[in-house]
């Protein structure tokens with residue numbers, strides 16, 4: 001008579017944990033569902049008191065009207081260009097600087113590391129005015145002469161939106177902490193085989209810390225997709241460079257009426273779609289980085 005495999009019984013704690021996580025996931029989707037239902041309401045339903053939660057006749061045309069009434073396509077294009085450029089630059093600088101601080105021994109390394117840690121204490125808005133002056137008087141750009149006079153410098157260009165965020169102190173520190181765990185013997189073996197530092201970084205170190213790099217890319221993308229303060233400061237004289245959050249901010253200020261709320265909510269849904277797609281694409285790396293950190297801490 002064949003032996004029966006023992007059946008695995010789920011403990012009450014496991015069932016409770018799964019139920020709690022499921023409930024939390026459902027609660028996290030409530031704001032998006034509410035936003036979608038609001039975008040489908042008609043102006044008449046908006047003016048009703050109280051307004052119906054579920055629209056009687058969903059107005060799906062609101063998602064196309066926002067592109068016809070506002071330059072939403074241009075705003076999204078600017079957001080993609082700026083956010084993707086910043087993400088690539090920050091990941092590249094964080095990986096290379098983190099590798100140098102983790103695996104190279106040179107004079108002043110500890111001082112640089114302390115500077116990286118301390119620099120994270122200062123919020124970015126403290127540097128808004130100095131950065132504006134630096135970009136305004138950038139030599140030989142925007143009509144400026146060698147002394148930075150006569151033109152507008154880098155203001156009014158994509159560079160003004162991208163360059164101030166090309167380095168992230170948090171990203172450098174994060175990648176350095178992950179790269180410390182890469183075995184030095186593995187790198188020495190690669191050097192003995194004739195591999196250069198760039199080859200070692202690209203072929204050995206980066207695949208090992210890829211979950212951390214992808215997690216950093218996700219954080220950077222989400223933050224700078226929604227960044228407002230610096231973009232609003234720079235694009236006041238360059239409307240063609242305005243990004244999606246700035247466009248939504250301006251629309252809410254100019255047309256903040258009940259009849260326009262459905263269009264505004266439709267616009268918000270359209271603009272957060274790239275963030276959701278980016279998260280879904282990098283989700284497995286994010287989870288892998290979290291579990292790897294938990295193992296090291298444990």
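The values are calculated or read from the model by the stated rules, or taken from the named source; none is laboratory data. Bear in mind the structure is a predicted one, so any value in this text is a computation, not a measurement. When we count neighbours, we look across all protein chains shown, and the Cβ atoms used for this are built from the backbone with ideal geometry, even at glycine.
Taking the conditions exactly as written (in the same structural domain as residue 167 (by TED's automatic domain parsing) and under 27 Å from residue 221 (Cβ atoms)), does residue 111 satisfy them or not?
no
Find the helices (runs of 4 or more DSSP H) located wholly in the range 33-107 whose residues include 1 or more that are closer than 30 Å to residue 200 by Cα and in contact with a helix residue (DSSP H, G or I) (Cβ under 6 Å, 6 or more places away or on another chain), and list them.
So the answer is 72-103.
Test residue 170 against the stated conditions and say whether it is assigned to a helix (DSSP H, G or I) and either touching a helix residue (DSSP H, G or I) at 6+ places or on another chain (Cβ under 8 Å) or under 30 Å from residue 46 (Cα atoms) (or both).
Spelling it out, it is not the case that residue 170 is assigned to a helix (DSSP H, G or I) and either touching a helix residue (DSSP H, G or I) at 6+ places or on another chain (Cβ under 8 Å) or under 30 Å from residue 46 (Cα atoms) (or both).
Kindly provide the set of residues from the range 49-63 that are surrounded by 12 or more Cβ atoms within 10 Å (Cβ to Cβ) and at pLDDT below 85, ordered by number.
Step one: filter the range 49-63 for residues surrounded by 12 or more Cβ atoms within 10 Å (Cβ to Cβ), giving 51-52, 55, 58-59, 62-63.
Those that are surrounded by 12 or more Cβ atoms within 10 Å (Cβ to Cβ) and at pLDDT below 85: 51, 52.
Quick one: residue 191 ticks every box in (1) farther than 17 Å from residue 99 by Cα; (2) in contact with a helix residue (DSSP H, G or I) (Cβ under 8 Å, 6 or more places away or on another chain); (3) surrounded by fewer than 16 Cβ atoms within 10 Å (Cβ to Cβ) bar one, so which box is it?
So the condition that residue 191 fails would be (1).
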